[in-house]
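Here is the structure we will look at.
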Amino acid sequence: MDLKNLMEQRHSVRKYLDRKIDEPIVEIIEKKVEEINSESGLNIKAVFDDKEGFDSKLAKYGKFENVSNFLILKGKGNNLSETCGYFGEKLVFELMQLGLGTCWVALTYNKKNIKKYIEPKENLIIVISFGYPENQGYTRKSKSKSQVSNVDENSPQWFVDGVNAALLAPTAVNQQKFMLKLVDDKVEAKAKFAPCAKIDLGIVKYHFEIGSGKDKSIWI
Ligand SMILES: Cc1cc2nc3c(=O)[nH]c(=O)nc-3n(C[C@H](O)[C@H](O)[C@H](O)COP(=O)(O)O)c2cc1C
């Protein structure tokens, strides 16, 4: 299935089957993570078969079940939040293509229990849980195109398509606090002031690029 169709189908999955990830799939994930790390300069770590990372009251409150696999998005340097958002979402679709469900998680994991995976001087930005899905997640409300962009009847189709794909992006508490402005033939993307909004922005930019068919050179 192509990425645009996958974007339409994606929802956060918080309940997983109590089943280990098959070994060949583990190998594919490790390889993808390695590729994304060398592309992005991040040091994302894939953790398999560790139930302690989500062993917390918050996780239960957040309705997570059987989480034993997760990606830890971390690294050193500047602009980490947006970079983690962009490349984390790229991995989300790699995982979906392997038949796995995912959920971005800023709060509802056990920070203490995953400390052992963080190397000196690294910043932990966020986690993505994944596993064989027990369900496919749920539809949710969305803002309209005009609430998140300057789209109008004269906008080129690629911009409209990009904004539509951006509206399908997961954002923290479904806040969708971003703005996409077409300025001549480029796009300005801004995060509003809100928790995790910079991570959201990276995710949104990834969606926009896929939806519009443009590459990174589209951004102002
Ligand atoms: C940066 C970020 C942080 C998130 N943190 C959490 C979290 O801590 N707990 C949780 O249950 N869901 C979390 N989510 C998932 C969002 O609630 C979810 O993406 C949003 O409600 C939209 O739903 P959808 O992903 O099904 O489209 C997070 C999503 C993002 C992008």
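The values are calculated or read from the model by the stated rules, or taken from the named source; none is laboratory data. Quick caveat, the model's predicted, so the values are computed rather than measured. Methodologically, a virtual Cβ is constructed for each residue, glycine included, from the backbone with ideal geometry; neighbour enumeration extends over all protein chains shown. These accessible areas exclude ligands, DNA and RNA; they are computed on the full protein's heavy atoms, side chains included. Shrake-Rupley method; radii C 1.70, N 1.55, O 1.52, S 1.80 Å.
Residues checked against (1) among the β-branched types (Val, Ile, Thr); (2) free of Cβ contacts under 8 Å to residues at least 40 places away in the same chain:
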| position | (1), (2) |
| --- | --- |
| 81 | no, no |
| 96 | no, no |
| 126 | yes, no |
| 130 | no, no |
| 150 | no, yes |
Inset, instruction - May I ask you to say which residue of 99, 137 is in a loop (DSSP other than H, G, I, E, B), assigned by TED's automatic domain parsing to the domain that holds residue 42, within 20 Å of residue 3 (Cα to Cα) and out of contact with any helix residue (DSSP H, G or I) (no Cβ under 7 Å at 6 or more places or on another chain)? - result: 99
Legend entry - Selection from segment 62-96 of residues that are of a type outside the set (A, V, I, L, M), in a loop (DSSP other than H, G, I, E, B) and either under 11 Å from the mean Cα position of the chain (by Cα) or more than 10 Å from the ligand (Cβ to nearest atom) (or both): 66, 68, 69, 76, 77, 78, 79
Inset, instruction - Could you list all residues from segment 41-53 that are buried (at least 18 other Cβ atoms within 10 Å of the Cβ) and in a helix (DSSP H, G or I)? - result: 53
Legend entry - Failed condition for residue 116, given (1) touching a strand residue (DSSP E or B) at 6+ places or on another chain (Cβ under 6 Å); (2) assigned by TED's automatic domain parsing to the domain that holds residue 66: (1)
Inset, instruction - Among the residues of segment 107-134, write down those that are more than 15 Å from the ligand (Cβ to nearest atom) and surrounded by 15 or more Cβ atoms within 10 Å (Cβ to Cβ). - result: 113, 117, 118, 122, 132
Inset, instruction - Select from segment 145-179 the residues that are within 16 Å of the ligand (Cβ to nearest atom), among the small types (Gly, Ala, Ser) and either surrounded by fewer than 19 Cβ atoms within 10 Å (Cβ to Cβ) or assigned to a helix (DSSP H, G or I) (or both) and list them in ascending order. - result: 165, 166, 172
Inset, instruction - Please name all residue pairs, on different chains or six or more residues apart, with Cβ atoms under 8 Å, provided the first residue is in segment 1-24 and is closer than 30 Å to residue 162 by Cα and in a loop (DSSP other than H, G, I, E, B) and the second residue is open to solvent by 70 Å² or more (accessible area, probe 1.4 Å) and among the hydroxyl-bearing types (Ser, Thr, Tyr). - result: 11/138; 11/139
